[in-house]
Amino acid sequence: MRALFLIIAALFLMGQRDAILVPAVSQSEVQVRQGFTGTELLLYGAILDPRGQRGGSNYDIVVVLKGPTEPIRLREKERILGIWMNAESSDFRSAPSFFAVAASRPVEEIVDERTAAIYELGTEFIQLSPTGQIEPEKQARFASGLVDLRERQGLYKEDMGGVTISEQVLYQARIGLPSNVVTGQYTAETFAISDNRVIASAIAEVEVRKVGFERFVEVFSQNWSLFYGLIAVGLSIGMGWVAGRLFAFI
């Protein structure tokens, strides 16, 4: 039924000259509760060519899922007098908290490097917006370090071949969200590419938010930060005292 709806919706737009993308996401909202272990999003949709050519073999599809951006400071450790210490650092204004790319085949086979950089079609093309003056080599080193760190955390990922195109018009991709995702608004941007050119794009949104007790703690810590800090300190002292008393009897 969803596939039929996508096709019907696309038919209403057939008056356009360019290809038409109608994207959708299996979940418009992801609820993070206690014990959340992650989830998998299904990103799917339809592409029709108003000129009467059905998509499939004529198009490649790339899906880019981004989490909320955040400023970040990276520090580089160096061994000084036998001790690992923080040395150089670099600040980035808008590093995405989550970044995933799925494509119908390797991006380098679909577009050239310039086009991939414009649309951020890969982790190596993420636009991090460094602050201040920074040498290109240093910027590249810190950017590579950030990508490597978040890849190991499961927050940055690529799946070249993760998009399947069926019936010459429908596409789908599955992207997993790990348990350590940041809450906020996520955007899933889909690109239809033909002959090294992006011919259509469309955006779907997903909200990741905490619910239940986790939501209460988050709101309380943001709106009443002073009381939250005092309670946290009090609990730490209380638990330390209780632990000390218990060990005193052992």
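The values are calculated or read from the model by the stated rules, or taken from the named source; none is laboratory data. Computed from a predicted structure; not experimentally measured. Cβ atoms come from the backbone with ideal geometry, glycine included; neighbour counts cover every protein chain shown. Each accessible area value is taken on the protein alone, full model and side chains, heavy atoms only, with ligands, DNA and RNA left out. Shrake-Rupley method; radii C 1.70, N 1.55, O 1.52, S 1.80 Å.
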Strands (runs of 3 or more DSSP E) enclosed by segment 88-174 - at least 1 residues per element that are of a type in the set (Ser, Thr, Tyr) and open to solvent by less than 70 Å² (accessible area, probe 1.4 Å): 156-160, 163-166
So in segment 175-195, with the set limited to residues that are more than 22 Å from PRO96 (Cβ to Cβ) and either among the basic types (Lys, Arg) or assigned to a strand (DSSP E or B) (or both), which one is modelled with the lowest pLDDT? SER194
Go through segment 68-83 residue by residue and tally those that are modelled with pLDDT under 80 and loosely packed, with under 12 Cβ neighbours inside 10 Å. 7
So which pairs qualify, if the first residue must be in segment 176-202 and in contact (Cβ under 8 Å) with a residue 12 or more places away in the chain and under 19 Å from ALA46 (Cβ atoms), the second must be not in a strand (DSSP E or B) and not hydroxyl-bearing (Ser, Thr, Tyr), the Cβ gap must be under 7 Å, and the two must be at least 6 apart or on different chains? ALA192/ALA19; ILE193/ILE110; ILE193/VAL111; SER194/ASN58; ILE199/ASP18; ILE199/ALA19; ALA200/ASP18; ALA200/ALA19
